[in-house]
Amino acid sequence: MTNVFAKMSDQPYWWEAAPRVEEAPPELPQAIDVLVVGGGFSGLNAARVLAKAGKSVLVCEAKFAGYGASTRNGGMLGPSFHKLGIKGLTAHYGAERTHDILKESIRFVGFLQSVLADEGIDCDFRRAGRFRCASRPAHYEQMARDLEPLVAATGLEAEVVTKNLVREEIGTDRFHGGIRYHIDAGLHPAKYHDGLVRVLREAGGILAANTEVLEIKKLARGFSVKTSSGTVVAGQVAICTNGYTSKVTPWFRRRVLPIRSSMIATEPLRPELMKELMPTRRCYGDTRRIMAYYRPSPDGTRILFGGRASSDDDATRNATLLRQSLLDVFPVLEKTRITHSWSGLVAYAFDHVPHLGEHDGMHYAMGYCGSGVARATFFGTKLGHKMLGDIEAGRTAFDDLPFETRPLYNGVPWFMPAIIRWHRFIDQLGF
Ligand SMILES: Cc1cc2nc3c(=O)[nH]c(=O)nc-3n(C[C@H](O)[C@H](O)[C@H](O)COP(=O)(O)OP(=O)(O)OC[C@H]3O[C@@H](n4cnc5c(N)ncnc54)[C@H](O)[C@@H]3O)c2cc1C
């Protein structure tokens with residue numbers, strides 16, 4: 001029997017075309033206008049805006065550049081409406097705010113595309129749309145019902161696909177219909193990250209790798225920030241640590257739930273098989289409780305498949321769980337080798353909505369609930385404008401939403417493994 005995991009790498013597939021670079025921490029300035037904690041899409045986009053506006057900017061990254069989720073994700077972009085849900089949002093924030101949030105969300109992908117064009121970043125961006133597959137007949141009916149008000153509220157371009165036409169979108173009989181969204185896109189996240197680092201450095205900003213922020217003390221004006229490479233006095237501080245938020249910033253840590261998301265890559269498939277499985281080369285997702293997302297690699301040769309696996313970073317265990325989910329969708333891949341298995345941390349917020357703003361003088365953007373490629377680009381950019389004091393350019397529909405925590409929650413979501421086991425069980429029962 002073939003060992004489908006033989007010679008599997010535990011590094012992201014993306015790092016082959018855009019390898020991570022180990023850099024020694026640079027000598028830090030004693031004082032800086034802005035210090036950003038976290039060198040992912042949020043931090044780099046905030047830093048990009050600030051450095052281009054003439055501020056001196058230092059981005060501190062605890063590990064190597066691109067260590068966090070920003071170079072580990074699926075590179076799938078969309079408005080993320082399925083996370084928000086009109087009903088949930090309206091119950092929480094009222095009809096008017098919900099309308100504004102939805103209208104703004106629809107601009108996220110186009111916004112990212114304009115950043116790529118303005119900054120000259122080539123990262124295999126492709127607007128191929130997304131197909132969201134209904135795993136049960138009842139899910140299909142619900143999705144079709146929910147689509148109508150969404151289209152009415154936002155003008156979203158999307159249509160329902162009935163079960164008999166599913167194979168035009170995806171080569172499986174597993175699903176009971178779905179929805180085709182045209183706005184969604186895909187990119188190569190590690191190439192995008194490298195592009196942002198280049199833009200920051202060209203604008204005079206410093207990205208200090210292997211420079212962990214250990215303590216942030218408020219001064220009469222500004223902050224004293226102790227890092228593993230020395231102490232810096234900063235006029236302003238931005239916290240952009242999302243799923244990697246630590247005890248250094250306890251107020252933020254109590255407001256995000258770090259959750260592991262994992263991915264696998266298959267070996268290259270025969271071109272005819274790729275064409276059969278993903279004929280429209282879109283991004284895909286489905287409605288199983290144990291969420292899964294998948295897409296072709298940018299060169300169209302293999303399938304990248306992600307979702308919730310285990311809560312630790314055991315590459316083989318995660319690959320085993322994700323492969324089961326992959327085979328549930330594409331049984332034909334039974335003998336296909338898995339060449340890469342990797343994972344990273346995303347951050348959920350208790351209200352399922354990302355947050356940005358200011359707390360105790362520190363600016364922040366985080367809580368993308370697993371959909372942060374386009375949103376961290378948008379939020380990071382807005383954060384940069386806010387920190388410049390440009391109220392108009394920094395305004396967003398997400399301003400001033402209360403960033404909630406829960407009693408006794410200290411930043412460790414000990415309850416998540418039990419919830420994931422429960423969801424897996426419900427999926428197996430077929431509800
Ligand atoms: C496997 C996986 C698949 C995903 N797929 C998608 C997808 O297809 N589409 C999508 O939209 N989103 C996806 N996401 C989510 C998306 O990647 C994130 O929401 C986004 O990258 C968040 O960016 P960020 O800059 O806020 O955080 P990150 O990129 O996680 O960066 C935070 C950084 O902060 C650093 N840090 C933390 N503490 C400190 C400290 N004290 N000092 C210095 N540095 C510190 C960390 O080392 C880390 O590098 C996925 C995530 C994962 C893990």
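Of a type in the set (Val, Ile, Thr), within 16 Å of the ligand (Cβ to nearest atom) and farther than 18 Å from Ala69 by Cβ: is that true of Thr241 in this structure? Here the answer is no, as Thr241 does not meet what is asked. Only residues that are away from the ligand (no atom under 14 Å from the Cβ) and out of contact with any Lys or Arg (no Cβ under 9 Å at 6 or more places or on another chain): list them for the range 252-274, please. Hits for the range 252-274 are Arg270, Pro271, Glu272, Leu273. Kindly indicate whether any position in the range 303-321 is near the ligand (Cβ under 10 Å from one of its atoms) and surrounded by fewer than 22 Cβ atoms within 10 Å (Cβ to Cβ). No; the residues of the range 303-321 include none that is near the ligand (Cβ under 10 Å from one of its atoms) and surrounded by fewer than 22 Cβ atoms within 10 Å (Cβ to Cβ).
Here's a check for you: in the range 52-98, which residue that is closer than 23 Å to Gly230 by Cβ and within 6 Å of the ligand (Cβ to nearest atom) is surrounded by the fewest Cβ atoms within 10 Å (Cβ to Cβ)?
Taking the range 52-98 and keeping what is closer than 23 Å to Gly230 by Cβ, we get 55-68.
This time we only want the ones that are within 6 Å of the ligand (Cβ to nearest atom), so: 60-63, 67-68.
On the way: Cys60: 28, Glu61: 29, Ala62: 22, Lys63: 15, Tyr67: 19, Gly68: 27.
It comes out as Lys63.
Residues of the range 250-267 being β-branched (Val, Ile, Thr) and surrounded by fewer than 22 Cβ atoms within 10 Å (Cβ to Cβ), which ones? Ile259 - this is the single residue of the range 250-267 that is β-branched (Val, Ile, Thr) and surrounded by fewer than 22 Cβ atoms within 10 Å (Cβ to Cβ). Residues in the range 3-26 that are over 26 Å from Tyr192 (Cα atoms) and of a type outside the set (Lys, Arg): 4 in all.
A search for C-beta distances below 8 Å between a residue of the range 399-414 that is closer than 17 Å to Met366 by Cβ and any residue that is exposed (fewer than 10 other Cβ atoms within 10 Å of the Cβ) and modelled with pLDDT of 90 or more, counting only pairs 6+ apart in sequence or on different chains, returns Gly411/Lys247. Could you tell me which residue of the range 337-387 is surrounded by the most Cβ atoms within 10 Å (Cβ to Cβ), considering only residues that are within 12 Å of the chain's Cα centre (by Cα) and of a type in the set (Val, Ile, Thr)? Among those that are within 12 Å of the chain's Cα centre (by Cα) and of a type in the set (Val, Ile, Thr), it is Thr377.
The values are calculated or read from the model by the stated rules, or taken from the named source; none is laboratory data. Predicted, not measured: the structure shown is a model, and the values here were computed from it. Cβ coordinates were reconstructed from backbone atoms using ideal geometry, including for glycine residues, and neighbour counts include every protein chain displayed.
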